[in-house]
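The values are calculated or read from the model by the stated rules, or taken from the named source; none is laboratory data. Computed from a prediction, not measured in an experiment: that's the story for all the values here. Note that each Cβ is placed from the backbone with ideal geometry, even for glycine, and that neighbours are counted across all protein chains shown.
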Amino acid sequence: MIKKIDVTIDCSMCSKSVTVAVDPFAYKKWKVGKSIQDAFPDLTASEREMLKSRTCQKCWDDLFGEDYDA
């Protein structure tokens, strides 16, 4: 089993810190171009969005509404 690493991101809108546990090999592949959905199929859409756009779930909901799927 691969040990996950914690990636802590501050939301670009509200500055809330969110920590996401990721596979370090998948993280490296994503950083060099693999799609986020393919690199992290085990993460929630909210976790992937935080990694990708630095927008936490609350701010995402404030921007687009709670029913909008990322």
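General observations
- Scope the range 1-21; condition out of contact with any helix residue (DSSP H, G or I) (no Cβ under 8 Å at 6 or more places or on another chain) and either surrounded by 14 or more Cβ atoms within 10 Å (Cβ to Cβ) or assigned to a strand (DSSP E or B) (or both); matching residues: D6, T8, D10, S17, T19, A21
- Extreme residue, farthest from I9 (Cα to Cα), among residues of the range 47-70 that are within 13 Å of the chain's Cα centre (by Cα) and in contact (Cβ under 8 Å) with a residue 24 or more places away in the chain: A70
- Any pair with Cβ under 7 angstrom, 6 or more apart, that starts in the range 28-46 at a residue that is over 16 Å from V7 (Cβ atoms) and in a helix (DSSP H, G or I) and ends at one that is of a type in the set (G, A, S) and modelled with pLDDT under 95: A45/A70
Rundown of residues vs (1) buried (at least 18 other Cβ atoms within 10 Å of the Cβ); (2) among the hydrophobic types (A, V, I, L, M, F, W, C), yes/no style:
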| residue | (1), (2) |
| --- | --- |
| P24 | no, no |
| K29 | no, no |
| I36 | no, yes |
| L51 | yes, yes |
| Q57 | yes, no |
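- Among the residues making up the range 28-61, those that are of a type outside the set (D, E, K, R) and touching a strand residue (DSSP E or B) at 6+ places or on another chain (Cβ under 8 Å) are F40, L43, M50, L51, C56.
- Filter result for D23 (under 13 Å from the mean Cα position of the chain (by Cα) and of a type outside the set (V, I, T)): yes
- Close pairs from the range 1-25: first among the aromatic types (F, W, Y), partner loosely packed, with under 11 Cβ neighbours inside 10 Å, Cβ under 8 Å, at least 6 apart: F25/I2
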